[in-house]
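So the structure is just underneath, and the comments pick up after that.
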Amino acid sequence: MVSDPIPLQEVEPLESIVRRFSTQAMSLGSLSPEAHKTLALAMNMLGGRSNTGEGGEDPKLYTEEPHAANKIKQVASGRFGVTANYLVHAQELEIKMAQGSKPGEGGQLPAKKVTEYIARIRHATPGTPLISPPPHHDIYSIEDLAQLIHDLRAVNPHARIGVKLVSGAGVGIIAAGVAKAGADVITISGHNGGTGSSPLTSIKNTGLPWEIGLRETHETLVRAGLRSRVALRVDGGLKFSRDILIASILGADEFGFGTASLLAIGCVMARQCHLNTCPVGIATQDETLRLRFNGKPEMVVAYFRALAEEVRNKLAELGAHSLAELKGAYDCLRPRSVNYAETPALALESDMSFRIAPQQAPGLHAAVGETSVMPSLDFPAGAPQQIRNSDRSVGAGLSGDLMRARIRKSAREGIVVQEFSGAAGQSFGAFLCSGMTLKLSGEANDYVGKGLPAGQSPSLPGRVRRAEAMCWLETQFFTVPRPVSSSLRGVLASALQFVTAAHSRSSKVSASTVAST
């Protein structure tokens, strides 16, 4: 594929290249608020994307400093800080299935980093270590992942939905399932790089290099006819223009930077991130150390612009007009030694073409509004609207509509109450926002209260006087009255007594019982 050099003017412009760059998921908590904000400002100035990481984002940014908000918002198994307001302000929603530095483990934040500010953003308790369950506790199958993608698309139909996978053996098959589940972006995360809060035992000798996982994913999707449906992003220690070119040849469309972006704002690689003692105020919540932070958005902008310009020069040397032209051009690569060439995982099949058509336009997946029931916020009160089990994520869609109406200042005052009758499908009350109450007479499928809703979702009133359990979630009560038979009344009463006893030990959980007669 390598041809004669071409003039630099014929190569795609620098602005086009930097739009493919993103800073990878580093949470508000693992990084100091100042460092987190600096990265967001820089990427918004460039036209690229910054990622919130697992842990949420300060909602004040949306009204006071919208130019400092992250375009990519991550949703992980812990659901820290994931609210309807958080979701509707995203241009891309990334589901964290795994991360390269510690695959198979959930997110971790040591107690020293959970300050009052971080705890408020994450709806947690100050001074308490935060550990997400492993992702497979949240998503057992491709069907569960497809449902979460559907939920997020219901809340924010305008955002791209991404899924983050780790480079490993068989990741291509998983990526094919992710593409079929409706994702728009797949991120392949390599073992290199790391996290600003995990213990050293979690980030050593884990994962595989991104080159192996990226190549397998690209080839598997090509063979399955799915490659043009998704964009591939890669991360895991990318720093130089050479990394970008190799990633493009192996199939990447977009490129994520973690460590490199922190080096640009002054990281000295002290390896103390998990101890909350970062000497330059980047990976710490200590107020004294944070005063030492001297990073500015212009530093990150200068680094990425210089990187993109170097990429342009090397593209001109290769005779390629754009990064897209390199995709699948394995003949541009040569093994460093004959020993590597004989390794099956690294051997490139030069007789196969993995060139693909340009990525298809958005809109491949059916719009959420095409489901049979997706009511508007102002459907007439009175008789409950009929619902059936094929009507999924109804509450999620309504919450998204309500939040967008509030942003436009067009939402009506007071509590929005919606009544339904019948059999609700999955995720009936997922990601409810405050001020939203759903009432269901009938039955509901899985994930009624998915995503720690802040609204109220009473469902299933029974013929007998109901027993009502109320659990404190975020800032309001999530109420689930259930029909109680005489055989189950004793079991439910015991469970409520257990919750009531726990209330004396923690002010975060409360329970009350309405006696049945």
In terms of the alpha carbon gyration tensor, root eigenvalues a ≥ b ≥ c, rounded if a/c is under 1.5 and otherwise prolate when a/b exceeds b/c or oblate, the range 69-198 is oblate
Give the aspartates and glutamates whose C-alpha is closer than 12 Å to that of Lys327, dropping any in the same chain fewer than 8 places away, or say none. Glu219, Asp253, Glu254
When all protein chains stay in place, what accessible area (Å², nearest 10, 1.4 Å probe) is found for Phe80? 30 Å²
As I understand it, the dipole of the range 263-315 uses +1 on the Cβ of Lys and Arg and -1 on the Cβ of Asp and Glu, about the Cα centre. Which of Gly266, Phe304, Val280 lies farthest toward its positive end? Phe304
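Stretched out fully, how many nm does the piece from Arg242 to Met45 gain, at 0.36 nm a residue minus the Cα gap?
Between Arg242 and Met45, full extension yields 68.5 nm more.
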Compare the Cα positions of Gln108, Gly55, Thr38 along the charge dipole of the range 35-130 (+1 at Cβ of Lys, Arg; -1 at Cβ of Asp, Glu; about the Cα centre) and return the one farthest towards the positive end. Gln108
FRET efficiency for Ala111 and Tyr140 from the Cβ-Cβ distance with R0 = 22 Å, rounded to 0.05, comes out at 0.15
Once amide hydrogens are built 1.01 Å from N within the peptide plane, the residues lying 5 or more places from Ala231 or on another chain with amide H under 5 Å from its amide H are Val185, Ile186
Could you work out the Kirkwood radius for the range 270-342, taking every pair of different alpha carbons, averaging 1/r and inverting it, reported in Å? 16.4 Å
Can you spot the lysines whose alpha carbon is less than 18 Å from Lys113's alpha carbon? Ignore those fewer than 8 places along the same chain. Lys37
Would you mind giving the three semi-axes, in whole Å and largest first, of the ellipsoid equivalent to the range 1-157 according to its Cα gyration tensor? 30, 20, 16
Straight-line reach only, C-alpha to C-alpha below 20 angstrom: list the lysines that Lys450 could link to, leaving out same-chain residues fewer than 8 apart. Lys73, Lys96, Lys439, Lys508
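The values are calculated or read from the model by the stated rules, or taken from the named source; none is laboratory data. Since this is a predicted model, take the numbers as computed values, not measurements. Cβ: placed from backbone, ideal geometry, glycine included. Neighbour counts: every protein chain shown. For the accessible areas, the whole protein counts, side chains as well, though only heavy atoms, and no ligand, DNA or RNA atoms are used. Shrake-Rupley method; radii C 1.70, N 1.55, O 1.52, S 1.80 Å.
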